[in-house]
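Everything below concerns the one structure shown next.
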Amino acid sequence: MRRFRPKPWEISDELWAVIEPLLPGYERRYRYPGRKRIDDRKTLQGILFVLYTGIQWEFLPQELGFGSGPTCWRRLAEWQAAGVWDELQQVLLDRLRAAGRLDFSRAAIDSSHVQAKRGRSRPKVGPSPVDRARPGSKHHVLTDGNGIPLRVSLTGAHRNDVTQLLPLVDGLPPVRGKRGRPRRKPRAVYADRGYDHDIYRRRLRERRITPRIARRGQAHGSGLGRVRWVAESAIAHLHGPRRLRMRWESRDDMHDAFLQRAHCMILARKLPAF
């Protein structure tokens, strides 16, 4: 019997059992309750449908049963403000470490530029130095040695890559899942020439992290690419959803919500239970 592959916006029962306790509670008013609230699971699938297909919110098909586009938009903004995705990433990282999937012996960092169609006046949109100063944003990724994204962040395209090195490293939550102290940092960080600054090498050493950063002006052949390629692979997976290949959101927090949600889905796929 042929098994059909589930669609990327479908939430399994096992994954929903992890997500549901993290969602903020909602109490319906006793007087004038209004229209009944659409099920959170269906709304989440509607958000993922927009994320993976790149469809506009107002064109979300009603026959799918996910609710209207504006409803899914408001629910995404509500969960982003409540920090649901950060909590979900923490839970998934703990499970990955318990399953022995994380490699903290080294980490790799890289970034990717996406063109911005909206939000030109927002702080996290700026002229891109690699795209004729057109407005854009950057997606920054820190991965473990196996290429599993540990942290992702959003900045304007005009920001230097190295500005996100320490925020990504310091923003790594304590990853539990095994006996003993939780892991908070990798032993070494691999990066390309865009992160070549001696002051940041010193700050990494102060955190007891060995910097493995390529230097400008030196010929290729250092061998760092054999380790650093996992960050580029993680970015390719992060840009699998069509909504993240180009920025259509005018608000920074909404585009970041899509970015963090895609990060959660990548982590969930690394676990066989989901």
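Figures for the structure shown
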quantity	calculated
Solvent-accessible ranking of 190, 26, largest area first, probe 1.4 Å	26, 190
Accessible surface of the chain [probe 1.4 Å, protein heavy atoms]: carbon and sulfur percent	47 percent
Ranking by accessible area, most exposed first, for 138, 270, 36 with a 1.4 Å probe	36, 270, 138
Label point at residue 246 placed 7 Å out along Cα→Cβ; residues across the stretch 110-131 whose backbone nitrogen lies under 19 Å	112-122, 125-131
Interchain or long-range residues, amide H under 5 Å from residue 60's placed H	69
Segment residue 170-residue 216, extension gain: residue separation times 0.36 nm, minus the distance between their alpha carbons	14.0 nm
FRET efficiency, 1/(1 + (r/R0)^6) with R0 25 Å, evaluated for residue 77 and residue 39 via beta carbons	0.90
For Rg/Rh (Cα atoms, Kirkwood Rh), calculated from these coordinates, the label among (i) 0.95; (ii) 1.06; (iii) 0.99	(iii)
For the chain, calculated [θ]222 nm from helices alone, where every DSSP H run of n ≥ 4 adds -39500 (n - 2.57)	-11000 deg cm²/dmol
Karplus-derived HN-Hα couplings along the stretch 130-135 (A = 6.51, B = -1.76, C = 1.60, θ = phi - 60°), whole Hz, x at Gly and Pro	10, 9, 6, 6, 6, x
Cα-based Lys pair tally, the chain, threshold under 25 Å, eight or more apart or on separate chains	9
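The values are calculated or read from the model by the stated rules, or taken from the named source; none is laboratory data. Not measured: the values here are computed from a predicted model. FYI the Cβ positions are ideal-geometry reconstructions off the backbone, even for glycines, and counts take in every protein chain you see. Just so you know, the surface numbers come from the protein's heavy atoms only, side chains and all, with ligands and any DNA or RNA stripped out. Shrake-Rupley method; radii C 1.70, N 1.55, O 1.52, S 1.80 Å.
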